[in-house]
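Below is one structure, written out as structure tokens; comments come after it.
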Amino acid sequence: MNWFYSDGKDKNGPVPDAQLDELLRSGKISPTTLVWHEGMAQWQPLNVARAGAQPGVVCVECGKTFPPEETIRLNNSPVCAQCKPIYLQRMAEGAAMPSAGGLWRSNKRLVARTETVFPDRCIKCNTPAGGFRLKRTLYWVHPAYFLLILCNLLVLLIVYLIVRKKAVVHIGLCEQHRSKRKRGLIIGWSSVALGIILMCCAGFMSSGWGFFIGLLVLLGGGITGAVMARAVTPTKVDKEYVWLAGVHRDFMAGLPEWKGP
């Protein structure tokens, strides 16, 4: 069977099954890359298209589809041979285990059950994450509560601490995006520290301009660092689920549509 695939900009092919497998192993395409072959009504993610063409199971660790005989069940979950060492190490360390379910897509948002361990793919670019998971504790309140800042900042802070909702997720990040996040943290905290030092020095010297410059450094660098370090943004949290923005579309392409709890 000959396949065509899209890299997001161009359509490539045709390539036979063997070459498609090699592209997948090399990381040039992913399980959620859009593909098409003659007879298909529309382009579909690779894992969806192949699941429809032949029986297979999805590895709980990497999210790729394999013939049943090429996977084993560990902790009652299907795992491919390549991911077996990573999965066994996770079990030995008592770390959170990835789940075959718990993820959906809702328009441009990803819906996750709290405490879900994401597949071994970077949520920012959909490339392999190499077994790395970043545990994120996310908080959210309805935006209407921020109108309380018109009354008093202290009132807003107290209400926020009372009504905020919490969700925990374990997300995959590739080395490139891990490095970007580290740079963001360094820039953010360094700017905050430098800004405070400049404002303190300006206070001792009674320099209004020095205080203003310190404030700009604190706010500008802090916000820039926070944006660089941010992996995902919660847009809604309830008792069981969290809605996330900032997840790459290829990561979400193979996920089932959210139909409600």
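Bridging of residue 166 to lysines at a Cα separation below 16 Å is possible for 135, 236, 239, once same-chain residues fewer than 8 apart are set aside.
Inter-part distance, the stretch 12-47 to the stretch 127-191, computed on C-alpha centroids, equals 36 Å. When you restrict to C-alpha pairs under 8 Å that are six or more residues apart and normalise by the size of the stretch 186-239, the relative contact order lands at 42 percent. Taken about its Cα centre, the chain carries a charge dipole of roughly 760 debye when the Cβ of each Lys and Arg holds +1 and the Cβ of each Asp and Glu holds -1. If both residues of a DSSP beta bridge must be in the chain, then about 95% of such bridges are antiparallel. Directionally averaged projected area (the chain, Cα convex hull): 18.4 nm².
The mean sequence distance of close C-alpha pairs (under 8 Å, at least 6 residues apart), as a share of the length of the chain, puts its relative contact order at 18 percent.
With an 8 Å cut-off on Cα pairs and a minimum separation of 6 or more residues, tell me the relative contact order of the stretch 58-213 in percent.
About 18 percent, as a whole number.
Surface composition of the chain: carbon and sulfur make up 60 percent of the accessible area, probe 1.4 Å. Here the 3J(HN,Hα) profile of the stretch 140-156, calculated from phi with Karplus coefficients 6.51, -1.76 and 1.60 at θ = phi - 60°, is 8, 10, 4, x, 4, 5, 6, 5, 5, 5, 5, 8, 6, 5, 5, 4, 4 Hz, Gly and Pro shown as x.
The residues of the stretch 158-261 present an accessible area of 61 Å² per residue when probed at 1.4 Å with all protein chains retained. For the chain, a Gaussian network of Cα nodes joined below 10 Å ranks 200, 59, 80 by mean-square fluctuation, and the top entry is 200.
The values are calculated or read from the model by the stated rules, or taken from the named source; none is laboratory data. Quantities reported herein were computed from a predicted structural model and do not represent experimental measurements. Positions of Cβ are backbone-derived with ideal geometry, glycine not excepted, and every protein chain shown enters the neighbour counts. Quick note on the areas: whole protein, heavy atoms, side chains included, nothing else; ligands and nucleic acids left out. Shrake-Rupley method; radii C 1.70, N 1.55, O 1.52, S 1.80 Å.
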